[in-house]
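Please read the structure below before turning to the comments.
The values are calculated or read from the model by the stated rules, or taken from the named source; none is laboratory data. Predicted, not measured: the structure shown is a model, and the values here were computed from it. Here the Cβ positions follow ideal geometry from the backbone for every residue, glycine too, while neighbour counts run over all protein chains shown.
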């Protein structure tokens with residue numbers, strides 16, 4: 001099979017537009033990201049949030065010379081651990097300004113001494129001096145996981161000085177606006193980081209600044225001062241399997257990265273491809289992963305892949321979150337048990353009864369009462385984060401006019417339970433009705449045992465989990481090829497921390513027989529996978 005890019009971070013900037021597939025829903029999101037209004041883009045892991053922001057960034061630069069785009073990845077946030085109670089805010093500020101100055105320099109934008117001075121309180125009055133100073137602050141924060149430390153943040157400017165400096169840059173260089181694209185807005189298991197992020201997101205609002213950010217469903221904490229309805233445009237990146245263009249859209253995505261042989265096989269067996277596309281439930285990464293793992297594109301291998309991935313691997317990855325972050329283990333495990341042992345069997349039973357009665361209706365949906373225990377809601381939120389379920393809508397009326405939330409179970413998770421998934425897929429899909437769903441009231445017996453699951457946010461517990469995580473072998477990094485892992489091990493890089501501590505330059509020196517270009521690609525892919533693994 002073809003080898004696919006599974007993460008945007010692994011794709012060269014020059015290849016992004018060539019690999020992009022944009023339908024009407026994507027175009028609407030892109031238009032929002034390119035507008036003057038701040039935007040939050042919500043989507044589960046692997047749905048393509050980062051990719052769309054990269055496309056928006058490239059389109060803005062191609063359409064006008066009067067704006068500057070700055071893409072700021074926050075995926076190192078998991079490593080920050082200092083005595084500063086506003087540590088994340090200060091790290092974000094330093095990182096954002098560092099990336100801004102780097103982009104201005106690349107674009108040849110003039111930064112006056114006065115403006116440079118506004119961007120730093122350490123008496124540097126040159127662009128290069130400020131950038132070096134900010135780089136040092138960022139590095140200290142990102143190394144703080146090794147042991148809590150005190151970091152001198154006196155060099156960081158006030159937020160009002162930052163906005164004044166950006167206004168001056170725009171006015172002196174005939175620029176209309178600076179667009180910031182924040183990726184991996186904050187660590188999903190550290191709510192305080194997320195609250196500080198949204199404070200910065202709101203504080204940066206200015207006629208000369210637009211902020212856009214990618215966030216996850218269910219696990220995002222906005223804090224008291226940020227209201228999504230009023231402070232931004234809130235967009236969701238979801239691809240409904242019932243959309244008329246769904247199958248063609250995903251075929252186009254796969255074809256963009258496929259070799260000629262795979263394209264021929266897919267065209268010859270389009271129904272087989274359609275089954276795989278539907279099982280992904282609208283998630284491009286899941287589709288690419290299952291196709292990439294096929295030894296040959298045929299019915300036997302597709303059925304095996306569906307059962308293996310959607311019965312086992314997708315659940316294991318969800319459970320692994322509890323292994324990484326001990327404080328969430330209880331609610332993660334409970335949610336999996338609730339879905340596997342209660343919800344899915346009920347949905348199966350419903351579909352079987354309809355089939356026995358000769359009624360052409362099936363469902364992959366369930367409904368939970370709005371007053372269900374908070375731990376139940378939290379477990380479902382984490383299942384939406386990993387993409388096993390999707391929240392369809394709120395305030396849906398069920399039996400006796402009760403209000404609740406309707407969820408969709410990943411199509412592949414339901415189909416994988418069949419002995420011959422591909423043979424059953426067409427009938428299941430054609431008979432799906434969103435109006436039919438199984439219900440779980442506010443006091444359902446299945447909620448028993450959920451009462452004591454929730455823990456308060458515990459930074460000490462998080463720190464212990466992170467230290468344990470960094471000691472895991474690089475074999476857990478699934479996006480790395482066996483060849484890459486072998487070359488890394490041959491240089492003595494055995495754990496996640498070993499990999500993190502090696503710079504791109506040191507890898508180029510250590511890996512015998514690999515030139516700079518290939519070593520850089522390998523380092524980028526490894527770092528992207530490493531940071532996503534650490535981030536959950």
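Points to keep in mind about this one:
- Total residues in segment 83-107 satisfying the condition of being touching a residue at least 40 places away in the same chain (Cβ under 8 Å) and in a loop (DSSP other than H, G, I, E, B): the figure is 3.
- Candidate set from segment 407-432 (those that are assigned to a loop (DSSP other than H, G, I, E, B) and without any contact (Cβ under 8 Å) to a residue 12 or more places away in the chain); member that is surrounded by the fewest Cβ atoms within 10 Å (Cβ to Cβ): 419
- Only one of the listed residues (52, 33, 58) is more than 26 Å from residue 261 (Cα to Cα), under 16 Å from the mean Cα position of the chain (by Cα) and at pLDDT 95 or above. That residue is 52.
- Verdict on residue 379 being more than 14 Å from residue 343 (Cα to Cα) and in contact with a helix residue (DSSP H, G or I) (Cβ under 8 Å, 6 or more places away or on another chain): no
- Any hit, segment 399-406, residues being buried (at least 16 other Cβ atoms within 10 Å of the Cβ), modelled with pLDDT of 95 or more and either touching a helix residue (DSSP H, G or I) at 6+ places or on another chain (Cβ under 9 Å) or outside the structural domain of residue 301 (by TED's automatic domain parsing) (or both): yes
- Verdict on residue 59 being outside the structural domain of residue 133 (by TED's automatic domain parsing), assigned to a helix (DSSP H, G or I) and at negative phi: no
- Flag for residue 344 being under 27 Å from residue 438 (Cα atoms) and at pLDDT below 95: no
- Residue 503 vs. criteria at pLDDT 75 or above and either assigned by TED's automatic domain parsing to the domain that holds residue 142 or exposed (fewer than 13 other Cβ atoms within 10 Å of the Cβ) (or both): no
- Lone unmet requirement of (1) modelled with pLDDT under 80; (2) farther than 30 Å from residue 394 by Cα; (3) in a loop (DSSP other than H, G, I, E, B); (4) touching a strand residue (DSSP E or B) at 6+ places or on another chain (Cβ under 8 Å) for residue 141: (3)
Conditions tested, residue by residue: (1) surrounded by fewer than 21 Cβ atoms within 10 Å (Cβ to Cβ); (2) closer than 21 Å to residue 178 by Cβ; (3) at pLDDT 80 or above.
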site	(1), (2), (3)
117	yes, yes, no
120	no, yes, no
126	yes, yes, no
148	yes, no, no
159	yes, yes, yes
164	yes, yes, yes
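- Lone qualifier among 323, 356, 348, 340 - being touching a residue at least 60 places away in the same chain (Cβ under 8 Å) and farther than 17 Å from residue 219 by Cα: 348
- Remark: pairs (first residue in segment 189-217, assigned to a helix (DSSP H, G or I); second residue crowded, with 23+ Cβ neighbours inside 10 Å and modelled with pLDDT of 85 or more; Cβ separation under 7 Å; 6+ apart in sequence or on different chains) = 197/92; 200/92; 200/93; 201/211; 201/213.
- Residue ID - surrounded by the fewest Cβ atoms within 10 Å (Cβ to Cβ), chosen from residues in segment 183-211 that are touching a strand residue (DSSP E or B) at 6+ places or on another chain (Cβ under 7 Å) and modelled with pLDDT of 95 or more: 208
- Criterion (modelled with pLDDT of 90 or more and touching a helix residue (DSSP H, G or I) at 6+ places or on another chain (Cβ under 9 Å)) met by exactly one of 169, 130: 169
- Residue 492, sole failed condition from (1) closer than 26 Å to residue 219 by Cα; (2) surrounded by fewer than 17 Cβ atoms within 10 Å (Cβ to Cβ); (3) out of contact with any strand residue (DSSP E or B) (no Cβ under 6 Å at 6 or more places or on another chain); (4) modelled with pLDDT of 75 or more: (1)
Results for (1) touching a helix residue (DSSP H, G or I) at 6+ places or on another chain (Cβ under 8 Å); (2) in the same structural domain as residue 412 (by TED's automatic domain parsing); (3) in contact (Cβ under 8 Å) with a residue 60 or more places away in the chain; (4) surrounded by 17 or more Cβ atoms within 10 Å (Cβ to Cβ), shown as yes or no for each residue.
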site	(1), (2), (3), (4)
328	yes, yes, yes, yes
335	yes, yes, no, yes
352	no, yes, no, no
371	no, yes, yes, no
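- Only one entry in 24, 44, 66, 20 is within 22 Å of the chain's Cα centre (by Cα), surrounded by fewer than 16 Cβ atoms within 10 Å (Cβ to Cβ) and closer than 25 Å to residue 232 by Cβ, namely 24.
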